[in-house]
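The values are calculated or read from the model by the stated rules, or taken from the named source; none is laboratory data. Worth saying up front: this structure is predicted, and the values here are computed from it rather than measured. All Cβ positions, even for glycine, are placed from backbone atoms using ideal geometry, and neighbour counts span all protein chains on display. Note: accessible area is taken over every heavy atom of the protein model, side chains too, but ligands, DNA and RNA are not part of it. Shrake-Rupley method; radii C 1.70, N 1.55, O 1.52, S 1.80 Å.
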Amino acid sequence: MSSQQAGSQQPGAGPDLDAVVIGAGFSGLYMLHRMRDVLGLKVRVYEAGDGVGGTWYWNRYPGARCDCESFYYCYSFSKELAEEWQWTSRYPEQPEILSYLEHVADRFDLRRDIQLSTRVAGATFDEAGDCWEVCTENGERITARFLISAVGCLSAANVPDFKGLDDFRGDWYHTGLWPHEGVDFSGKRVGQIGTGSTGIQAAPVIAAQAEHLTIFQRTPNFSIPARNRRFTPEKWAEIKADSRDIRRRILESAGGFPYVAVDRSAKDVSDEERRAIYEQLWEDGGFKFLWGSFNDILIDLEANDTTAEFIRGKIRETVKDPEVADLLSPTDHPYGTKRPPIDTDYYETYNRDNVTLVDVRKAPIVEFTPRGLRTESGEYELDIIVFATGFDAMTGSLLKIDIRGLGGQTLADKWADGPRTYLGLQVAGFPNLFTITGPGSPSVLVNMPVAIEQHVEWICDCIDHMRTRGLRRIEAKLDAEDEWVDHVNQVASMTLYMKANSWYVGANIPGKKRVFMPYLGGQVEYRKRCDEVASKDYAGFELRSGGSRQ
Ligand code: NA7
């Protein structure tokens, strides 16, 4: 039977597949391996890109690299994979991570069940058949018992609706949709909109090549030096020797990082001690700066101010022009409440003669023109414009798909006032749909592969549980979902995170409801909660042997 025919399920027949997985990034690849090779299920992955890799397939902009360190930003499910792969440096660049994921796809023979260049357009739950009818933009239709979203949290590019964009005669690119052949900036006047993690990685690399780089900044960010370096054979041997302990520390830490949490308040040490701690962490570089200083940075404004002021001091020390330094120094949000970037020579870049910083908070972008763009303070002539403007995070990619659950309700309607899930894994009214690192789970606040592996394994155990008991339908109960959403909000309200206009709350997308989307309780507590739910016969979920058609 061809897949085109396959969608029209005959009465009495089962669905075409056990599962459809949307996306072939970190989540989709592991999900396929686990479902197909461990559970023996019939699975197909649909991937919009022409290759596997998800985030690491699309984000090819200059300077793109991971902000987590290589030796823990990877899978842990296969000992053999871990043993045979060697990372070259502390923070891997995009091509290296993409090679890793391509290696995973080949090593586990995943490609034969991945259909590339295929975007899922819609999915409707068949209530009688207890399955999803999935259709692609190519017109293909197929049915599957389970629908697994592995679309990623940061994959729907946000291209602001600037007036006159079509009139611009130069070239423009969004960092998350970067051309595979690269972009040659030599001799060009380049504009970059956005100074989030991406813009902060890209600017130094673009500035080194372009004739001139103009950076349009709406909100300054607190950035910490990455201190990237290549691994020496000795360092790599040290990491290998420590790997078991690294894994233990990862599983014991709230953020899924191999750093031991500190148990001291920023207010309990002298100014000198505090300064020495920050100096050491600044020298070490990376995310440890957020987790490794004090335990109250993200919950106490006074404590946070000490960190913020330390970083502002570093900006003033680094950037020669005091006015530029001032403009680069955040004062509108506490440190860490927007996703903290890490960088290589970001602040130093503003000392270059060919770099200009423009404040588009004070004088916003009015429109694009044939020759460049115009802000309220003047026109900038540009040959190339780089949109480092981020993503419709956590919900954007899923909501682009027309997903219809019980009674024909759309996911877009269900989430009109912000996403609602039970554990970030399921949505009441949408049976047999699982969302890997969905909103309401720790996801983006955790080292992603750790969050992904936990979700994939939990979902697979759940499906296996259903299979062995002849169950065909699982759906989050509404009261469990309500309770979980309240809990997610309550935890967020105990922190400083709500004080920032971040993508965590959807503030970067005009019209998006302000809701804190990821779960802040940490992956240790979250994992415990998920395991407890499973051990209590999937408490909060309704499991059934089937709809009307058995
Ligand atoms: P981010 O962190 O959302 O940053 C986007 C940047 O673009 C940020 O500086 C925005 O300013 C700016 N922006 C967005 N829209 C506009 C408009 N209309 N005008 C001017 N400036 C604008 O995205 P990234 O790609 O840097 O990082 C996303 C995640 O990927 C990152 O956190 C990592 O997890 C990986 P704003 O701050 O909203 O004022």
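Annotations
- All Cα-Cα separations within the chain were binned at 10 Å from zero, giving a P(r) of 3, 17, 28, 27, 17, 7, 1, 0, each value a whole percent of the pairs.
- Fully extending the segment from residue 351 to residue 542 would add 62.8 nm, taking 0.36 nm per residue of separation and subtracting the current Cα-Cα distance.
- In percent, rounded to a whole number, the relative contact order of the stretch 271-346 is 29, using alpha-carbon pairs under 8 Å and six or more apart.
- The stretch 246-402: C-alpha gyration tensor shape, a/c 1.5 cut-off, then a/b vs b/c: oblate
- Evaluating 6.51 cos²θ - 1.76 cosθ + 1.60 at θ = phi - 60° for every residue in the stretch 418-430, the Karplus couplings come out as x, x, 10, 9, 9, 6, x, 10, 8, 10, 4, x, 10 Hz, glycine and proline recorded as x.
- Phi angles across the stretch 120-125 convert, under the Karplus curve 6.51 cos²θ - 1.76 cosθ + 1.60 with θ = phi - 60°, into 3J(HN,Hα) values of 6, 9, x, 8, 10, 7 Hz, Gly and Pro given as x.
- Restraint check, 163/362; 267/314; 267/320; 42/414, Cα-Cα greater than 24 Å: 267/320; 42/414
- For residue 381, distant residues with modelled amide H under 5 Å away: none
- Prolate/oblate/rounded call for the stretch 424-488, Cα gyration tensor, a/c under 1.5 rounded: oblate
- Cα gyration tensor category, rounded, prolate or oblate, for the stretch 75-210 with a/c compared to 1.5: oblate
- Amide H contacts under 5 Å for residue 115, placed H, 5+ residues apart: 45, 46, 47
- Cβ-placed point charges (K, R +1; D, E -1), dipole of the stretch 1-154 about Cα centre in debye, nearest 20: 40 debye
- Only helices enter this figure: runs of n ≥ 4 DSSP H residues, each worth -39500 (n - 2.57), summed and divided by the residues of the chain, yield -9000 deg cm²/dmol at 222 nm to the nearest 500.
- Accessible area per residue, Å², the chain with all protein chains present, probe 1.4 Å: 41 Å²
- Helical segments meeting 15 Å axial Cα length and Kyte-Doolittle -0.5 threshold in the chain (DSSP H): 197-209, 448-468
- Bridge orientation summary for the stretch 165-387: considering DSSP beta bridges with both residues in this region, about 30 percent are antiparallel.
- Net charge of Cβ neighbours under 9 Å - reference residue 218; Lys, Arg +1; Asp, Glu -1: 0
- Leading residue at positive end of dipole, the stretch 420-550 (Cβ point charges), from 429, 463, 539: 429
- Computed from point charges on the beta carbon alone (+1 for Lys and Arg, -1 for Asp and Glu), the dipole magnitude for the chain about its Cα centre is near 820 Debye.
- Its relative contact order, with pairs defined as Cα atoms under 8 Å and 6+ residues apart, puts the chain at 19 percent.
- Counting DSSP beta bridges with both ends in the chain, the antiparallel % (nearest 5): 45 percent
- 5 angstrom amide H check on residue 221, placed H, neighbours 5+ away: none
- Two-site label geometry, residue 242 and residue 116: point separation in nm, points 7 Å out along Cα→Cβ: 3.7 nm
- Label-point separation, residue 169 to residue 489 (7 Å along Cα→Cβ), nm: 5.3 nm
- The portion of the accessible surface of the stretch 410-462 made up by carbon and sulfur, rounded to a whole percent, is 44 (1.4 Å probe; DNA, RNA and ligands excluded).
- Under the Karplus curve 6.51 cos²θ - 1.76 cosθ + 1.60, θ = phi - 60°, whole-Hz ³J(HN,Hα) for the stretch 510-522, x wherever Gly or Pro sits: x, x, 6, 5, 7, 9, 6, 8, x, 9, 8, x, x
- When a 1.4 Å probe is rolled over the protein heavy atoms, the share of accessible surface on the stretch 165-387 that falls to carbon and sulfur comes to 46 percent.
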